[in-house]
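*Asks:* Input: one structure, supplied below.
The values are calculated or read from the model by the stated rules, or taken from the named source; none is laboratory data. Just so it is clear, the structure is predicted and the values come from calculations on it, not from any experiment. Cβ sites come from the backbone with ideal geometry, for glycine too, and all protein chains shown count toward neighbours. The area values use the complete protein model at the heavy-atom level, side chains included, leaving out ligands, DNA and RNA. Shrake-Rupley method; radii C 1.70, N 1.55, O 1.52, S 1.80 Å.
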Amino acid sequence: MRTDQDPALLQSPIIDRVERVVIVMAMEAEAAPLRDALGAQPLEAPAWANGLPCRLSHAPRSERRPDVVLAVNGTDPIYGVDAVGSTAAALTTHVALNLDRPRPDLVLSVGTAGGWLRAGAGIGDAFLVWPHFACHDRRIPLPGFDVMGDSELPAADLRSHASALGCRLGIVTSGDSFDESPADRERILANGAEVKEMEAAAVAWVGRLHDVPTGALKTITDLVDSPVAAEAQFVENLATAAETLQRKTLALLERLAREDGD
Ligand code: SAH
(Lines give C-alpha, C1' and ligand atoms only; values in the text may rest on other atoms or scores of the structure.)
Protein backbone atom coordinates (compact mmCIF):
# COMPACT_ATOMS: atom_id res chain seq x y z
CA MET A 1 0.00 0.00 0.00
CA ARG A 2 1.27 3.49 -0.77
CA THR A 3 2.26 5.66 2.15
CA ASP A 4 2.08 9.01 0.37
CA GLN A 5 -1.71 9.15 0.66
CA ASP A 6 -3.74 11.05 3.20
CA PRO A 7 -3.09 9.01 6.39
CA ALA A 8 -6.84 9.05 7.09
CA LEU A 9 -7.24 6.81 4.07
CA LEU A 10 -5.06 4.18 5.71
CA GLN A 11 -7.19 3.66 8.82
CA SER A 12 -8.79 0.25 9.14
CA PRO A 13 -11.07 0.19 12.17
CA ILE A 14 -11.16 -3.08 14.11
CA ILE A 15 -14.68 -4.48 14.09
CA ASP A 16 -15.62 -6.59 17.12
CA ARG A 17 -19.21 -5.99 17.95
CA VAL A 18 -21.82 -4.13 15.91
CA GLU A 19 -25.47 -3.24 16.36
CA ARG A 20 -26.41 -2.37 12.79
CA VAL A 21 -25.13 -3.68 9.50
CA VAL A 22 -25.92 -2.87 5.88
CA ILE A 23 -25.25 -5.77 3.48
CA VAL A 24 -24.97 -4.89 -0.20
CA MET A 25 -25.33 -7.64 -2.82
CA ALA A 26 -25.43 -7.56 -6.62
CA MET A 27 -27.44 -10.54 -7.85
CA GLU A 28 -30.81 -11.85 -6.74
CA ALA A 29 -29.55 -15.47 -6.96
CA GLU A 30 -26.77 -14.57 -4.51
CA ALA A 31 -29.11 -12.72 -2.15
CA ALA A 32 -32.22 -14.93 -2.03
CA PRO A 33 -30.86 -17.63 0.34
CA LEU A 34 -29.58 -14.99 2.76
CA ARG A 35 -32.82 -13.00 2.68
CA ASP A 36 -34.77 -16.19 3.42
CA ALA A 37 -32.43 -17.27 6.21
CA LEU A 38 -32.65 -13.83 7.82
CA GLY A 39 -36.43 -13.75 7.39
CA ALA A 40 -35.86 -10.20 6.15
CA GLN A 41 -39.02 -8.30 5.28
CA PRO A 42 -39.37 -5.83 2.40
CA LEU A 43 -38.38 -2.28 3.26
CA GLU A 44 -39.73 0.55 1.16
CA ALA A 45 -37.11 2.71 -0.53
CA PRO A 46 -37.42 6.45 0.18
CA ALA A 47 -39.28 8.59 -2.35
CA TRP A 48 -36.04 10.34 -3.38
CA ALA A 49 -34.75 6.94 -4.57
CA ASN A 50 -37.65 6.49 -7.00
CA GLY A 51 -36.52 5.00 -10.26
CA LEU A 52 -33.60 3.07 -8.77
CA PRO A 53 -33.89 -0.70 -9.10
CA CYS A 54 -32.47 -1.56 -5.66
CA ARG A 55 -34.41 -3.98 -3.50
CA LEU A 56 -34.29 -3.42 0.25
CA SER A 57 -35.25 -5.68 3.11
CA HIS A 58 -34.79 -5.61 6.85
CA ALA A 59 -34.26 -8.07 9.70
CA PRO A 60 -34.41 -6.62 13.22
CA ARG A 61 -31.68 -7.15 15.78
CA SER A 62 -31.86 -10.34 17.83
CA GLU A 63 -29.57 -12.24 20.19
CA ARG A 64 -28.01 -13.94 17.22
CA ARG A 65 -27.42 -11.01 14.95
CA PRO A 66 -27.27 -7.25 14.60
CA ASP A 67 -30.02 -5.27 12.89
CA VAL A 68 -29.58 -5.97 9.16
CA VAL A 69 -30.60 -3.96 6.11
CA LEU A 70 -30.07 -6.11 3.03
CA ALA A 71 -29.74 -3.99 -0.11
CA VAL A 72 -29.65 -5.76 -3.47
CA ASN A 73 -28.91 -3.95 -6.73
CA GLY A 74 -32.12 -5.26 -8.30
CA THR A 75 -33.08 -5.78 -11.93
CA ASP A 76 -31.88 -3.39 -14.60
CA PRO A 77 -35.14 -1.85 -15.89
CA ILE A 78 -33.80 -1.53 -19.43
CA TYR A 79 -31.95 -4.82 -19.91
CA GLY A 80 -33.96 -7.07 -17.59
CA VAL A 81 -31.01 -8.72 -15.82
CA ASP A 82 -29.41 -8.16 -12.41
CA ALA A 83 -27.83 -4.70 -12.32
CA VAL A 84 -24.30 -5.95 -11.56
CA GLY A 85 -21.31 -3.66 -11.48
CA SER A 86 -20.07 -0.52 -9.79
CA THR A 87 -22.68 2.05 -10.85
CA ALA A 88 -25.63 0.16 -9.40
CA ALA A 89 -23.57 -0.92 -6.36
CA ALA A 90 -22.72 2.70 -5.54
CA LEU A 91 -26.34 3.82 -5.88
CA THR A 92 -27.63 0.90 -3.81
CA THR A 93 -25.11 1.61 -1.06
CA HIS A 94 -25.96 5.31 -1.04
CA VAL A 95 -29.67 4.53 -0.67
CA ALA A 96 -29.03 2.00 2.11
CA LEU A 97 -26.87 4.48 4.02
CA ASN A 98 -29.42 7.28 3.75
CA LEU A 99 -32.52 5.54 5.03
CA ASP A 100 -34.43 7.18 7.81
CA ARG A 101 -32.84 4.81 10.30
CA PRO A 102 -30.00 4.94 12.82
CA ARG A 103 -26.59 4.90 11.26
CA PRO A 104 -25.02 1.43 10.66
CA ASP A 105 -21.68 0.49 12.23
CA LEU A 106 -20.57 -1.55 9.25
CA VAL A 107 -21.26 -2.04 5.54
CA LEU A 108 -20.54 -5.44 4.01
CA SER A 109 -20.21 -6.13 0.30
CA VAL A 110 -21.21 -9.79 0.00
CA GLY A 111 -21.13 -11.83 -3.20
CA THR A 112 -19.42 -14.14 -5.64
CA ALA A 113 -16.00 -13.54 -7.12
CA GLY A 114 -13.22 -14.91 -9.25
CA GLY A 115 -9.93 -16.17 -7.83
CA TRP A 116 -6.66 -17.45 -9.28
CA LEU A 117 -5.02 -20.87 -9.26
CA ARG A 118 -1.69 -19.02 -9.10
CA ALA A 119 -2.79 -17.56 -5.74
CA GLY A 120 -3.85 -20.99 -4.46
CA ALA A 121 -7.60 -20.29 -4.65
CA GLY A 122 -10.18 -23.03 -5.07
CA ILE A 123 -13.86 -22.98 -6.00
CA GLY A 124 -15.94 -22.38 -2.86
CA ASP A 125 -13.14 -20.64 -0.93
CA ALA A 126 -14.39 -17.70 1.09
CA PHE A 127 -12.46 -14.47 1.60
CA LEU A 128 -12.73 -11.49 3.89
CA VAL A 129 -11.20 -8.39 2.35
CA TRP A 130 -7.92 -7.33 3.93
CA PRO A 131 -6.11 -4.93 4.06
CA HIS A 132 -7.85 -2.92 1.36
CA PHE A 133 -10.07 -2.76 -1.69
CA ALA A 134 -8.68 -1.91 -5.11
CA CYS A 135 -9.80 -1.26 -8.70
CA HIS A 136 -8.07 -2.72 -11.74
CA ASP A 137 -9.82 -1.04 -14.67
CA ARG A 138 -9.68 2.64 -13.81
CA ARG A 139 -6.55 3.66 -15.69
CA ILE A 140 -6.12 7.43 -15.46
CA PRO A 141 -2.45 8.34 -16.05
CA LEU A 142 -2.64 11.86 -14.64
CA PRO A 143 -1.13 12.99 -11.34
CA GLY A 144 -3.55 12.37 -8.48
CA PHE A 145 -6.16 10.80 -10.73
CA ASP A 146 -4.00 7.68 -11.11
CA VAL A 147 -4.15 7.12 -7.33
CA MET A 148 -7.90 7.79 -7.26
CA GLY A 149 -8.29 5.27 -10.09
CA ASP A 150 -6.48 2.58 -8.11
CA SER A 151 -9.13 3.09 -5.37
CA GLU A 152 -7.11 1.60 -2.54
CA LEU A 153 -9.64 2.05 0.23
CA PRO A 154 -9.07 0.53 3.68
CA ALA A 155 -11.07 -2.52 4.71
CA ALA A 156 -12.87 -2.81 8.02
CA ASP A 157 -10.67 -5.02 10.19
CA LEU A 158 -12.57 -8.31 10.46
CA ARG A 159 -9.40 -10.41 10.75
CA SER A 160 -10.27 -11.76 14.18
CA HIS A 161 -13.27 -13.56 12.65
CA ALA A 162 -11.49 -15.15 9.69
CA SER A 163 -10.31 -18.45 11.13
CA ALA A 164 -13.58 -19.18 12.96
CA LEU A 165 -15.45 -18.58 9.69
CA GLY A 166 -12.99 -20.58 7.58
CA CYS A 167 -12.21 -17.50 5.51
CA ARG A 168 -8.97 -16.45 3.91
CA LEU A 169 -7.87 -12.82 3.85
CA GLY A 170 -7.02 -10.97 0.66
CA ILE A 171 -7.21 -7.80 -1.38
CA VAL A 172 -10.46 -7.58 -3.35
CA THR A 173 -10.15 -5.86 -6.72
CA SER A 174 -13.17 -4.54 -8.61
CA GLY A 175 -13.75 -3.73 -12.27
CA ASP A 176 -16.77 -3.38 -14.49
CA SER A 177 -16.01 -6.44 -16.63
CA PHE A 178 -16.38 -10.12 -15.90
CA ASP A 179 -13.45 -11.08 -18.09
CA GLU A 180 -9.81 -10.22 -17.43
CA SER A 181 -8.22 -8.22 -20.23
CA PRO A 182 -4.42 -8.27 -20.60
CA ALA A 183 -4.32 -4.74 -19.09
CA ASP A 184 -6.46 -5.90 -16.15
CA ARG A 185 -4.18 -8.87 -15.63
CA GLU A 186 -1.12 -6.67 -15.50
CA ARG A 187 -2.71 -4.31 -13.00
CA ILE A 188 -4.01 -7.13 -10.82
CA LEU A 189 -0.53 -8.69 -10.70
CA ALA A 190 0.70 -5.27 -9.58
CA ASN A 191 -2.05 -4.59 -7.02
CA GLY A 192 -1.66 -8.05 -5.45
CA ALA A 193 -5.37 -8.88 -5.33
CA GLU A 194 -6.55 -12.42 -4.67
CA VAL A 195 -10.25 -11.81 -5.31
CA LYS A 196 -11.83 -10.28 -8.45
CA GLU A 197 -15.37 -9.02 -8.68
CA MET A 198 -17.42 -6.05 -9.86
CA GLU A 199 -18.83 -4.11 -6.90
CA ALA A 200 -16.81 -4.07 -3.66
CA ALA A 201 -14.63 -1.00 -4.33
CA ALA A 202 -17.73 1.02 -5.25
CA VAL A 203 -19.45 -0.04 -2.02
CA ALA A 204 -16.29 0.86 -0.07
CA TRP A 205 -16.07 4.26 -1.76
CA VAL A 206 -19.63 5.16 -0.74
CA GLY A 207 -19.04 3.71 2.75
CA ARG A 208 -16.02 5.98 3.00
CA LEU A 209 -18.07 9.03 1.91
CA HIS A 210 -20.46 8.26 4.78
CA ASP A 211 -17.68 7.39 7.24
CA VAL A 212 -18.96 3.86 7.74
CA PRO A 213 -16.28 1.10 7.77
CA THR A 214 -16.71 -1.33 4.90
CA GLY A 215 -15.81 -5.01 4.74
CA ALA A 216 -16.41 -7.70 2.14
CA LEU A 217 -17.18 -11.40 2.23
CA LYS A 218 -16.71 -13.13 -1.13
CA THR A 219 -16.98 -16.73 -2.30
CA ILE A 220 -15.05 -17.96 -5.30
CA THR A 221 -17.23 -19.18 -8.19
CA ASP A 222 -14.57 -19.24 -10.89
CA LEU A 223 -10.84 -19.47 -11.34
CA VAL A 224 -9.74 -16.81 -13.76
CA ASP A 225 -6.55 -18.62 -14.85
CA SER A 226 -8.17 -22.06 -15.28
CA PRO A 227 -8.42 -23.52 -18.81
CA VAL A 228 -12.23 -23.73 -18.32
CA ALA A 229 -14.08 -20.53 -19.32
CA ALA A 230 -14.82 -18.42 -16.23
CA GLU A 231 -18.48 -17.86 -17.31
CA ALA A 232 -19.10 -21.63 -17.43
CA GLN A 233 -17.55 -22.07 -13.98
CA PHE A 234 -19.59 -19.15 -12.64
CA VAL A 235 -22.92 -20.56 -13.85
CA GLU A 236 -22.05 -24.03 -12.53
CA ASN A 237 -21.04 -22.78 -9.07
CA LEU A 238 -23.42 -19.88 -8.45
CA ALA A 239 -26.07 -21.76 -6.45
CA THR A 240 -23.53 -23.46 -4.17
CA ALA A 241 -21.72 -20.17 -3.69
CA ALA A 242 -24.96 -18.46 -2.68
CA GLU A 243 -25.51 -21.13 0.00
CA THR A 244 -21.96 -20.68 1.27
CA LEU A 245 -22.45 -16.91 1.36
CA GLN A 246 -25.63 -17.34 3.35
CA ARG A 247 -23.97 -19.62 5.92
CA LYS A 248 -20.81 -17.58 6.32
CA THR A 249 -22.66 -14.27 6.46
CA LEU A 250 -24.97 -15.58 9.20
CA ALA A 251 -21.96 -16.92 11.11
CA LEU A 252 -20.22 -13.55 10.81
CA LEU A 253 -23.36 -11.70 11.93
CA GLU A 254 -23.64 -14.02 14.92
CA ARG A 255 -20.07 -13.29 15.93
CA LEU A 256 -20.60 -9.56 15.46
CA ALA A 257 -23.65 -9.67 17.75
CA ARG A 258 -21.77 -11.35 20.60
CA GLU A 259 -20.97 -9.35 23.71
CA ASP A 260 -17.55 -10.91 24.26
CA GLY A 261 -16.46 -10.65 20.65
CA ASP A 262 -14.53 -13.95 20.59
N1 SAH B 1 -22.60 -14.21 -16.56
C2 SAH B 1 -23.32 -14.06 -15.32
C3 SAH B 1 -23.39 -12.60 -15.00
C4 SAH B 1 -22.89 -12.27 -13.65
S5 SAH B 1 -21.73 -10.98 -13.67
C6 SAH B 1 -24.65 -14.72 -15.45
O7 SAH B 1 -24.87 -15.28 -16.51
O8 SAH B 1 -25.46 -14.74 -14.52
C9 SAH B 1 -20.73 -11.49 -12.37
C10 SAH B 1 -21.19 -11.18 -10.96
O11 SAH B 1 -20.51 -12.07 -10.13
C12 SAH B 1 -20.80 -9.77 -10.50
O13 SAH B 1 -21.72 -9.29 -9.55
C14 SAH B 1 -19.41 -9.98 -9.91
O15 SAH B 1 -19.18 -9.21 -8.72
C16 SAH B 1 -19.33 -11.46 -9.58
N17 SAH B 1 -18.20 -12.20 -10.16
C18 SAH B 1 -18.02 -13.54 -9.99
N19 SAH B 1 -16.90 -13.95 -10.59
C20 SAH B 1 -16.33 -12.86 -11.18
C21 SAH B 1 -15.16 -12.66 -11.98
N22 SAH B 1 -14.34 -13.66 -12.29
N23 SAH B 1 -14.89 -11.41 -12.42
C24 SAH B 1 -15.72 -10.40 -12.12
N25 SAH B 1 -16.85 -10.54 -11.39
C26 SAH B 1 -17.17 -11.75 -10.91
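*Asks:* Taking only the alpha carbons of segment 27-95, what extent do you get along each of the three principal axes, in Å, biggest first?
*Replies:* Computed over segment 27-95, the largest-to-smallest principal extents equal 40, 26, 18 Å.
*Asks:* To two decimal places, what compactness ratio does the chain give when its Cα radius of gyration is scaled by 2.2 N^0.38 Å?
*Replies:* Details: Rg = 17.1 Å, N = 262, 2.2 N^0.38 = 18.3 Å.
Relative to the rule-of-thumb radius for its length, the chain sits at 0.94.
*Asks:* Which of His161, His210, His136 moves the most in a Gaussian network model of the chain with Cα springs under 10 Å?
*Replies:* Judging by the Gaussian network model, the answer is His210.
*Asks:* Would you mind listing how long segment 107-220 runs along its three principal axes, going by Cα atoms, in whole Å with the largest first?
*Replies:* For segment 107-220, the Cα extents along the three principal axes come out at 43, 34, 18 Å.
*Asks:* For the chain, set up a GNM with springs between Cα atoms under 10 Å and report which of Thr75, Thr173, Thr221 has the largest fluctuation.
*Replies:* Result for the chain, Cα springs under 10 Å: Thr75 fluctuates most.
*Asks:* Provide the FRET efficiency to the nearest 0.05 for the Glu186-Glu44 pair, computing r from the beta carbons and using R0 = 45 Å.
*Replies:* 0.50
*Asks:* Modelling each spin label as a point 7 Å along the Cα-to-Cβ direction, I'd like the Val81/Arg159 distance in nm, to one decimal.
*Replies:* Rounded to a tenth, the inter-label distance reads 3.8 nm.
*Asks:* Expressed as a whole percentage, what fraction of the accessible surface of the chain belongs to carbon and sulfur atoms when a 1.4 Å probe is rolled over the protein heavy atoms?
*Replies:* 54
*Asks:* Also, I was wondering about something else. If you take every residue apart from Pro102 with its C-beta less than 15 Å away from the C-beta of Pro102, what net charge results, scoring Lys and Arg +1 and Asp and Glu -1?
*Replies:* -1
*Asks:* How long is the gain from Glu19 to Val235 if the chain were fully straight, where each residue apart is worth 0.36 nm and the alpha carbon distance is subtracted? Kindly include the intermediate steps, with their values, before the conclusion.
*Replies:* Values: separation 216, 0.36 × 216 = 77.76 nm, distance 3.49 nm.
Length gained between Glu19 and Val235: 74.3 nm.
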